[in-house]
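The structure appears right after this line, and notes come after that.
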Amino acid sequence: MIKLIKSGVYYTGGKLVKENVAFMREEQKREAIKGTLAYRILSAHNTGSDDNLKIKFDALASHDITYVGIIQTAKASGLTKFPIPYTLTNCHNSLCAVGGTINEDDHMFGLSAAKKYGGNYVPPHLAVIHQYMREMEAACGKMILGSDSHTRYGALGTMAIGEGGPELVKQLLGQTYDVARPKVIAVYLRGKLKKGVGPHDVAIALVGATFKKGFVKNCVLEFIGPGIANLSMDYRCGIDVMTTETACLSSIWEADDVTRDYFKIHGREEAFKPLHPADPAYYDGAVVIDLSRVEPMIALPFHPSNAYTIHEVIENPRDILGAVEEAGNRLKGNKKPFKLLDKVLPDGIHVSQGIIAGCAGGTYENVAEAAEILRGKSCGFDEFSLSVYPQSQPVFKCLADNGYVSALMESGAIVKTAFCGPCFGAGDTPADNGFSIRHTTRNFENREGSKLGEQQLAAVALMDARSIAATAANGGILTPATEATFTKKVKKYYFDKAIYDHRVYRGALNPKEDEQLVYGNNIADWPEQIPMAKNVLIKAVSVIDDPVTTTDELIPSGETSSYRSNPLRLAEFALSRKDPGYVGRAKQVKAAEEERRSTGSLPEEVLKEVGIQLAPDTMYGSCVIARKPGDGSAREQAASCQRVLGGVANIAQEYATKRYRSNLINWGMLPLISKSFDYKVGDYIYIENITDYVKQNEPTIPAKLITNGKVKTIYLTLGALTEEEKKIILSGCLINYNKVK
């Protein structure tokens, strides 16, 4: 089904040829490297050197749990207008269900900002962020930066990247996105999907084959090959958006007549241009996918890479689901049992909930084919329920006009408006120990809204909409869509642009300086951050020994999203589901640092615990230590909450994503790397002359590790830093850097 090629390959004559077979001369290789789509698009947007890119994007996109903080940060840094098209969408806190008026207050702030600075504003329930950007902003050869990790429009010929808010702030201030030229990995598609296999099946198989190996981490995935022609645009977009879960940087696909037709349907045929790699084009590795061999897949808890075929799970449920049950009980600490094997009954594996939603699941073809599978059948009247969220009002309208909404409703499915909530825990949270199957993007623990700290944990598995519908039609018993009887032919999609014309505020590049920003009660400025001192004393206030730590664990999703316009209130939730004692310990460190700045000396109890002489001008701050932090969401708050609470560093064996490391840097925190993991809560790490080490980008930083009064020398690294990143860290955060600048 999927084969990984870890050596360099050439794409020539429509086929992949390994580098050691092609026998290309060095000058031919240099030209072939420039033949990839990724190389051409990145180079067209690059203002730096060929190896160290400084990218300026064509457009930006944010949703309503990120845009307030971004605009507030940019405003504090001197923003006067949006220099490039910036679209503000409202698909995360669109229910306005938590915190009184504060969600709609944020929306009114967003509308006022779009008017004042010259942006686009998409009201709640109209579209999820990525579908709107596909429909209205993507274009072949374009680059878009979004403050959401699933910013992926490669199937439409657009290289898109999801990053933390500060990277969008840089673009708003005319600065650049700095990154070493990434490796480019070919994803070679051949064959044709069988009936009942959908885009999520391909995506889950791809994530399962690559993520744990780190095979494509921080690379660009370039989709090529004859199999592309056998995929509709909805299928391509559905695969593409899930490339985020491979930990790649971005994605790009060949653009063909199917791409042209998509833009034509949406009234933007001028956005199309054919995109194909040169012959030959050189890639740093390859993923070969035979679409004809892809089976209906399921990604079991608690990660999209925990991938199996549905048949594997049905045939061996005790072992496979038993391992998940054990993992869940380790997460809960066995205080209250996590149950999954109780879903295995003589007639099959019983599921309690199905969800088809968001940028991955709510496409026209996903929903239409699900409706065909359910036509004339019943979801049942017992525990199982099915909710469907078309991803935009134009998609919803076409589904309704073509009879698919009626078919779903008649089967007992509930059809709802465009909303991202099920993807991050703000809607359709299942019962404790419930088993939910979802065509959404992630299935981390707590991702669906349960709270481990309160002994709540549900099991969420990712599946394609077709197999979710087949399961619903079978009374909630896990069933692959290849066993369903249905017509795959669906009515043609049409796009009604009037829906947006009559509701979306489109003011891009048309600022109205006299407009006033509308501030709600929960919208607060960022608290002042102190520049890095010459020396730093760091206290470990949380040590996480898990193989990977997600941003959901660093700052939970769900109800906390309502407070993301208020840095101090949001910080109270930091690590609350992973390490409930973190906030209190971090506040103690912050209070001691405030005393130092006020009196000139740290409290006696701290000095006594440290037990060594500290040099003058030593800042005191906290740090989180984790093996591999930052997988998942792009949300900057995973870092900024630590900073607000007095954090000055993270220490990791490696960082799961570039975007999380960038978030740390942009909030003035040291992204330290340690080969060993011999730390515990309460340890101190003392580094003299840290400012010099940052300025000089020293490869090795000596530090003193103080554990229960015992001192030993350890060696840390920072990794490569750009000149700008050095200045941001030393300034204390991006806001400070821009104020000085």
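A short reminder: the numbers here are calculations on the coordinates, not readings from a lab. Given the structure is predicted, the values throughout are model-derived calculations rather than measurements. Cβ placement follows ideal geometry from the backbone for every residue including glycine, while neighbour counts extend to all protein chains displayed.
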request  = Starting from the alpha-carbon convex hull of the stretch 20-176, give the projected area averaged over all orientations, in nm².
outcome  = 11.1 nm²
ask   = Cross-link partners among lysines for Lys195, C-alpha distance below 17 Å, same-chain residues fewer than 8 apart left out?
value = Lys488, Lys489, Lys491
request  = Of the options Ser662, Val184, His125, report the single residue whose Cα projects farthest towards the positive end of the charge dipole of the chain (beta-carbon charges: Lys, Arg +1; Asp, Glu -1).
outcome  = Val184
ask   = Debye sum, Cα scatterers, the stretch 564-616, no solvent: what log₁₀ I/I(0) at q = 0.13, 0.15, 0.21, 0.27 1/Å?
value = -0.45, -0.57, -0.84, -1.02
query = Tell me, what HN-Hα J-couplings in whole Hz come from the Karplus equation 6.51 cos²θ - 1.76 cosθ + 1.60 at θ = phi - 60° for each residue of the stretch 149-164, using x for Gly and Pro?
reply = 5, 8, 6, 9, 10, x, 5, 9, x, 10, 7, 10, 9, x, 9, x
note = Sorted largest first, the Cα spans of the stretch 297-491 on the principal axes come out in Å as 50, 33, 30
request  = Can you put Val543, Val711, Val287 in order of Cβ neighbours within 10 angstrom, beginning with the fewest?
outcome  = Val711, Val543, Val287
request  = Quick one: dipole size for the chain, taken about the Cα centre, charges +1 on Lys/Arg Cβ and -1 on Asp/Glu Cβ, in debye to the nearest 20.
outcome  = 920 debye
query = What is the set of long-range amide H partners of Gln353 at a cut-off below 5 Å, with H atoms built 1.01 Å from backbone N?
reply = Ser385, Phe435, Ile437
request  = For a footprinting-style exposure proxy, rank Val518, Val395 by other Cβ within 10 Å, fewest first.
outcome  = Val518, Val395
inquiry  = Can you tell me what share of the DSSP beta bridges in the chain is antiparallel? A percent to the nearest 5 is fine.
reply    = 40 percent
task = Please return the longest stretch of the chain lacking exposed loop sites, where GluC sites (Glu not before Pro) count only if DSSP places them in a loop and at most 10 other Cβ atoms lie within 10 Å.
result = 1-512
Antiparallel bridge percentage (DSSP; both residues within the stretch 535-740; nearest 5) = 45 percent
query = How large is ³J(HN,Hα) for each residue in the stretch 650-661, as worked out from phi by the Karplus curve 6.51 cos²θ - 1.76 cosθ + 1.60 (θ = phi - 60°), to whole Hz, x for Gly and Pro?
reply = 10, 10, 9, 6, 6, 9, 5, 9, 4, 5, 5, 4
inquiry  = Taking amide H atoms as placed 1.01 Å from N in the peptide plane, list the residues 5 or more away in sequence, or in a different chain, whose amide H sits under 5 Å from that of Val187.
reply    = Glu222, Phe223, Ile224, Val287
query = When you take every Cα atom in the chain, what is the radius of gyration, and what is Dmax, the widest Cα pair distance, in Å?
reply = 25.3, 78
request  = Compute the signed sum of charges (Lys and Arg +1, Asp and Glu -1) over the other residues within less than 14 Å, Cβ to Cβ, of Val21.
outcome  = +2
ask   = Measuring from label point to label point, each 7 Å out along Cα→Cβ, what is the Asp545 to Asp256 span in nm?
value = 5.2 nm
query = Let a ≥ b ≥ c be the square roots of the eigenvalues of the Cα gyration tensor of the stretch 535-740; is it rounded (a/c under 1.5), or, if not, prolate (a/b larger than b/c) or oblate?
reply = rounded
task = Please report, in debye to the nearest 20, how large the charge dipole of the stretch 57-175 is about its Cα centre when each Lys and Arg carries +1 at its beta carbon and each Asp and Glu carries -1 there.
result = 320 debye
ask   = Under a 5 Å amide H to amide H cut-off, with H placed in plane at 1.01 Å, what residues pair with Ile651 once short-range neighbours are removed?
value = Val624, Ile625, Ala626
query = Rg(Cα) of the stretch 623-700 divided by 2.2 N^0.38 Å?
reply = 1.07
All-pairs alpha carbon distance profile, the stretch 167-233, 10 Å steps from 0, percent = 16, 36, 27, 17, 4
request  = Just need the Rg to Rh number for the stretch 67-132, please, alpha carbons only, Kirkwood Rh.
outcome  = 0.97
message = With θ taken as phi - 60° and the coefficients 6.51, -1.76 and 1.60, list the Karplus ³J(HN,Hα) couplings across the stretch 532-541 in order, rounded to whole Hz; mark glycine and proline as x.
response = 5, 7, 4, 10, 9, 10, 10, 10, 6, 9
message = Run the helix sum for the chain: -39,500 (n - 2.57) per DSSP H stretch of 4+ residues, divided by residue count, reported at 222 nm to the nearest 500 deg cm²/dmol.
response = -8500 deg cm²/dmol
Ranked Met24, Met297, criterion: other C-beta atoms within 10 Å, fewest first = Met24, Met297
key: Cα centroid of the stretch 119-193 to Cα centroid of the stretch 54-113, whole Å   = 16 Å
Net +/- balance of residues flanking Thr176 in space, Cβ distance below 13 Å, scoring K and R +1, D and E -1 = -3
